[in-house]
Amino acid sequence: MTRTVSARRTRLTAALAATLSAGLILLFGLTLRAQQAVPANGANAAAQQLLVKENVAPHAAPEQPLPFSHKTHVSRGVQCRVCHTNPEPGNQMTFPAVATCMGCHKTTAADRPAIQKLAGFAQSGEAIPWVRVYEVTKGVTWTHRKHLQAGLQCGNCHGPVGETERMSMATAVTTMGNCIACHQSRNAPMTCHTCHAWPAEE
């Protein structure tokens, strides 16, 4: 009888040890996978690194027809390309269509005054008259498309937009010095006609 109890205890101890070992192996594997994921996140942060200078003097955010926080939307997983598309010929990034906004806001925060105003634009079929923050200088031939195809990210030129409550011209991306410095660092074309088409259109 004593031997039987002892054998059972031995088998139970072995089973517990095996379970514990399996658990430790699983925990180690998950920890290793998490550690391996860190460089990817770091690489993404590096990809979004600001490549142009910030504006020396602060620029106030323009008054917009609706209050909009990039910080709030980005924190909820909304990515730039969801709202800002790049249709042909690829020069400008667009503002979101009212239908895109209403895709979420039919139910999300629908009772707020700003969203009710948004719904009014949707019902009337009128586009939201957003005020563009960055303007390309006259005489400059500019295309977002070529820069996106070259691997640039939004944050390289516009800074940490996902951390802002109100969009302002925080960087000097539209100045010639920044364009030249970036082209030099990436061995991009530097001839005058790369960026300029004269005479400038009035």
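The values are calculated or read from the model by the stated rules, or taken from the named source; none is laboratory data. Because the structure is a prediction, the values reported are computed rather than measured. When we count neighbours, we look across all protein chains shown, and the Cβ atoms used for this are built from the backbone with ideal geometry, even at glycine.
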Given the condition farther than 20 Å from residue 87 by Cβ and surrounded by 14 or more Cβ atoms within 10 Å (Cβ to Cβ), answer yes or no: does some residue in the range 148-158 qualify?
yes
For a quick check of your reading of the model, give me the residue pairs whose first member lies in the range 144-162 and is in the same structural domain as residue 182 (by TED's automatic domain parsing) and of a type in the set (A, V, I, L, M, F, W, C), whose second is modelled with pLDDT of 95 or more and assigned to a helix (DSSP H, G or I), with beta-carbon atoms closer than 6 Å and at least 6 apart or on different chains.
161/70
Counting only residues that are exposed (fewer than 14 other Cβ atoms within 10 Å of the Cβ) and assigned to a loop (DSSP other than H, G, I, E, B), the range 68-84 contains a total of 4
Any residue at all in the range 166-174 that's of a type outside the set (Asp, Glu) and on the phi > 0 side of the Ramachandran plot?
no
Of all the residues that make up the range 112-124, how many are exposed (fewer than 15 other Cβ atoms within 10 Å of the Cβ) and in contact with a Pro (Cβ under 9 Å, 6 or more places away or on another chain)?
2
Out of 174, 137, sole residue that is modelled with pLDDT under 95, assigned to a loop (DSSP other than H, G, I, E, B) and within 20 Å of residue 64 (Cβ to Cβ):
174
Out of 109, 97, 127, sole residue that is surrounded by 14 or more Cβ atoms within 10 Å (Cβ to Cβ) and either farther than 30 Å from residue 193 by Cα or β-branched (Val, Ile, Thr) (or both)
97
Hey, can you tell me all the residues within the range 130-151 that are farther than 18 Å from residue 88 by Cα and within 21 Å of the chain's Cα centre (by Cα)?
130, 131, 132, 133, 134, 135, 151
